[in-house]
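Chemist: Below is a structure I'd like to ask you about.
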Amino acid sequence: MASKTLPLLTILTLDLLFIIPSLLYCPTSSLSHDHKNSSSSPFEFLEHLKGSHKGDHIQGILDLKLFLEKFGYLSYGNDKNHIHADDDDFDDVLESAVKDYQHYFHLRTTGTLDGKTVSKMTKPRCGVSDHIGVHKIDYSKKDHIHEVSHYSFFSSKQKWPPSKYHLTYAFAPGTLSEAMTPIAQAFQTWAASTHFKFRRHRDYKKADIKISFEQGDHGDGSSFDGTGGILAHAYAPTYGKLHYDADEPWSIGALEGYYDLETVALHEIGHLLGLAHSSEEDAIMYPYISSGVTKLDLHHDDIHGIRALYKSH
Ligand code: ZN
Ligand code: CA
């Protein structure tokens, strides 16, 4: 009897898994269900570089350079002919960039691509750079002054003018209606702690903020990368665009292996309002976003940041 019951239960369970996405009941429903077993990540190449350090010449180091460049830790300056800008040499500039990354994420600043550093780097994250208009840290100084605030702004402190404190947002045609409610809730969370008000606009073209799910190269010069890696990105004021990577497993609420839409919306709305990343792990503006959890409250670091940016409003 038992041997016959087991397959039946298995079939029922599988059926339920497929029914859940269409029912979309809160708080643990998924908007997609075919990604869960996918283990490859666009950042997985870093695993093969584990242990590398200054002086090494290993195939793939160039990808590490591009990774650190994308997120704001590495710059060979305007000199395109820099001797190591496009090769696999782990040079001084790269070591300094790795240290900068380690410092930002409160890891030991070894300058070596150690296990903990690789483990951090391979986690899914926001696509916006961590160092936009933030001064590089000088490692020749031994004593760093402890930073009380961790928030940051975009390079020119871009922000909405006072005439735009009541903002409208709209979803691209074809957006699943189930995805709209949690994103609308995220706008309300920001409205509750700032001077901003948000209203949904029916006309996508006329809205101040445009929200869409995009795949791969979607025409803004910042291509998405399939499942894993970059989850979403958004632009500084007043461009007003928030893009979710449509290839990610999205959920409404905390669901193992899935990313919560509202949690990611809270983070990306921070960018839309003018906040860049924060190295405070509990802040909404922290660049890494875990699957299977929700983070639905603004941290005081986020609130201090947004108030500092608009303090004279
Ligand atoms: Zn971000
Ligand atoms: Ca991705």
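Chemist: If we scan segment 162-175, do we find a residue that is touching a Lys or Arg at 6+ places or on another chain (Cβ under 8 Å), modelled with pLDDT under 95 and of a type outside the set (A, V, I, L, M)?
Modeler: Looking for residues that are touching a Lys or Arg at 6+ places or on another chain (Cβ under 8 Å), modelled with pLDDT under 95 and of a type outside the set (A, V, I, L, M), one finds none in segment 162-175, hence no.
Chemist: Identify, by number, the condition in (1) closer than 15 Å to T194 by Cβ; (2) part of a loop (DSSP other than H, G, I, E, B); (3) of a type outside the set (F, W, Y) that I306 doesn't meet.
Modeler: (2)
Chemist: While we're looking at this one, here's another question. Could you check how many residues of segment 148-207 are assigned to a loop (DSSP other than H, G, I, E, B) and open to solvent by 70 Å² or more (accessible area, probe 1.4 Å)?
Modeler: Qualifying residue count for the region: 9.
Chemist: Filter segment 69-108 for residues that are part of a loop (DSSP other than H, G, I, E, B), surrounded by fewer than 16 Cβ atoms within 10 Å (Cβ to Cβ) and touching a residue at least 24 places away in the same chain (Cβ under 8 Å) and give the result.
Modeler: D86, D87, H106
Chemist: Applying the selection to segment 230-241, what residues are without any contact (Cβ under 8 Å) to a residue 60 or more places away in the chain and either assigned to a strand (DSSP E or B) or within 11 Å of ligand 2 (Cβ to nearest atom) (or both)?
Modeler: Correct list: K241 only.
Chemist: Starting from residues that are part of a loop (DSSP other than H, G, I, E, B) and either aromatic (F, W, Y) or within 14 Å of the chain's Cα centre (by Cα) (or both), keep the ones in segment 248-279 and report whichever is nearest to ligand 1 (Cβ to nearest atom).
Modeler: Among them, the one singled out is H277.
Chemist: Select from segment 242-258 the residues that are within 10 Å of ligand 2 (Cβ to nearest atom) and either of a type outside the set (F, W, Y) or closer than 18 Å to E44 by Cβ (or both) and list them in ascending order.
Modeler: Hits for segment 242-258 are D245, A246, D247, E248.
Chemist: I need a count of the residues in segment 142-159 that are modelled with pLDDT under 85 and not polar (S, T, N, Q).
Modeler: So the count comes out to 7.
Chemist: Another one. Has segment 213-223 got at least one residue that is in the same structural domain as I269 (by TED's automatic domain parsing), closer than 15 Å to F171 by Cα and at pLDDT 95 or above?
Modeler: yes
The values are calculated or read from the model by the stated rules, or taken from the named source; none is laboratory data. As the structure is a prediction and not an experimental result, all values here were calculated from the model. Here Cβ is always computed from backbone atoms with ideal geometry, including for glycine, and neighbour counts include all displayed protein chains. Quick note on the areas: whole protein, heavy atoms, side chains included, nothing else; ligands and nucleic acids left out. Shrake-Rupley method; radii C 1.70, N 1.55, O 1.52, S 1.80 Å.
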